[in-house]
Amino acid sequence: MLQFKAVKELQDVISNYKSQGKSIGFVPTMGALHKGHLSLIEHCKKTVDIAVCSIFVNPTQFNDPKDLEKYPRTISKDTELLEKVGNDIVFIPTVEEVYPENLDTSLELDFGKLANVMEGAFRPGHFDGMAQVVNRLLEIVLPDYLFMGQKDYQQFAIVQDMLRQLKSPIQLVMGATIREEDGLAMSSRNVRLTPEERQKAVLISKTLKTAMQELNQLPPLQVRERSLQRLNIPEFKVDYFEIVDGISLQPVESIINSKTVVACTAVYLGAVRLIDNMIYEINP
Ligand code: AMP
């Protein structure tokens, strides 16, 4: 596996591959890699010739400085794991490399209502920072395919909208959420849970699963209410539980007008904030 810190060196190698007619797939990450990330790399490897993974904890998408400081960093383990799954290139830039002083990386895009609900409402500025870094990394890597997880459903929808607004030819591919045996969605933040919190955390995915079943019979608003009640335990502080249209991300009162409906939630366990979602497929 090739490893780069500098933009220029990475670009030279990628353009060489491209001139040989090889297709490039890209998986951006913030490191502390787990099986969720690795499944994206495997998906990428099956689709393209060259898999590129970036590891960069992007400061501009953290609205809470403590969260940024505490974000787990495990670079040598990460590179070992990437090697094992056959990743071809890992890009581990510094902040200065991604945001050089003389380069305007700001992005004047309007995501409208996609960005002011759920994560957008609770983490002001988060999606601007996320879109800024994804756009910058895409300009550096210039991939044919971009792989992102369903785990961050709203992020995926916003990146999709960004690519549409930029008229980008890059194909965005969604990877399924990989879960622990008990159902907890894998997340780099899970390592920060205490053993007690880790035990309680299973209630998040259980509640989403129950909501999927309830949507067969009950209207979304009622399912939302029942889900909020289930999540109402002393160990949790719930930011939101919303049942939204899979495309507009706006809360729905009925499932009949949507192609897909997604239940999304964000919950604090102590200082650790976890998000998860499940997609309710509506038969045509
Ligand atoms: P992160 O390192 O948290 O920024 O995540 C990098 C990519 O991995 C994003 O596209 C996430 O949606 C995806 N991802 C994170 N957790 C999971 C998971 N449990 N299953 C599948 N993909 C995931």
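A few points about this structure:
- Pair list, Cβ < 7 Å and 6+ apart or interchain, from the stretch 79-102 residues that are closer than 26 Å to E42 by Cα to residues that are assigned to a strand (DSSP E or B) and hydroxyl-bearing (S, T, Y): F91/S54
- Matching residues in the stretch 88-119 - criterion: being in contact with a Lys or Arg (Cβ under 9 Å, 6 or more places away or on another chain) and modelled with pLDDT of 95 or more: D88, F91, I92, P93, T94, E97, V98, Y99
- Among residues of the stretch 144-156 that are part of a helix (DSSP H, G or I), those with a Cβ under 9 angstrom from a residue that is of a type in the set (F, W, Y) and crowded, with 21+ Cβ neighbours inside 10 Å, sequence gap 6+ or separate chain, pair up as Q154/F127; Q155/F127.
- Which numbered condition N135 misses (of (1) buried (at least 20 other Cβ atoms within 10 Å of the Cβ); (2) part of a helix (DSSP H, G or I); (3) not β-branched (V, I, T)): (1)
- Residue identified as away from the ligand (no atom under 15 Å from the Cβ) and closer than 15 Å to Y145 by Cα among Y99, Y17: Y17
- Some residue of the stretch 7-14 being assigned by TED's automatic domain parsing to the domain that holds S106, within 29 Å of H126 (Cα to Cα) and within 16 Å of the ligand (Cβ to nearest atom): no
- Verdict on V27 being within 20 Å of R136 (Cβ to Cβ), surrounded by fewer than 20 Cβ atoms within 10 Å (Cβ to Cβ), within 13 Å of the ligand (Cβ to nearest atom) and under 22 Å from the mean Cα position of the chain (by Cα): no
- Residue count for the stretch 30-51 satisfying the condition of being touching an Asp or Glu at 6+ places or on another chain (Cβ under 7 Å) and more than 9 Å from the ligand (Cβ to nearest atom): 3.
Residue by residue, here is whether (1) in the same structural domain as V90 (by TED's automatic domain parsing); (2) open to solvent by 40 Å² or more (accessible area, probe 1.4 Å); (3) among the charged types (D, E, K, R) holds:
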{"site": "L33", "(1), (2), (3)": "yes, no, no"}
{"site": "K46", "(1), (2), (3)": "yes, yes, yes"}
{"site": "D64", "(1), (2), (3)": "yes, yes, yes"}
{"site": "D67", "(1), (2), (3)": "yes, no, yes"}
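- Some residue of the stretch 169-190 being more than 12 Å from the ligand (Cβ to nearest atom), open to solvent by less than 50 Å² (accessible area, probe 1.4 Å), in the same structural domain as C53 (by TED's automatic domain parsing) and over 24 Å from P65 (Cα atoms): yes
- Filter pass, N116 being touching a residue at least 40 places away in the same chain (Cβ under 8 Å) and in a loop (DSSP other than H, G, I, E, B): no
- Test set (1) farther than 19 Å from T265 by Cα; (2) not in a helix (DSSP H, G or I) - R164 fails condition number: (2)
- Taken over the stretch 154-168, the criterion of being open to solvent by 70 Å² or more (accessible area, probe 1.4 Å) and farther than 17 Å from S248 by Cβ is satisfied by L166, K167.
- If the condition is being in contact with a strand residue (DSSP E or B) (Cβ under 7 Å, 6 or more places away or on another chain) and over 18 Å from I158 (Cα atoms), then the stretch 227-257 contributes S227, L228, L231, E235, F236, K237, V238, D239, Y240, F241, V252, I255.
The values are calculated or read from the model by the stated rules, or taken from the named source; none is laboratory data. Computed from a predicted structure; not experimentally measured. Every residue, glycine among them, receives a Cβ derived from its backbone with ideal geometry; neighbour counts consider all protein chains shown. Keep in mind that these areas ignore ligands, DNA and RNA; they rest on the heavy atoms of the full protein, side chains included. Shrake-Rupley method; radii C 1.70, N 1.55, O 1.52, S 1.80 Å.
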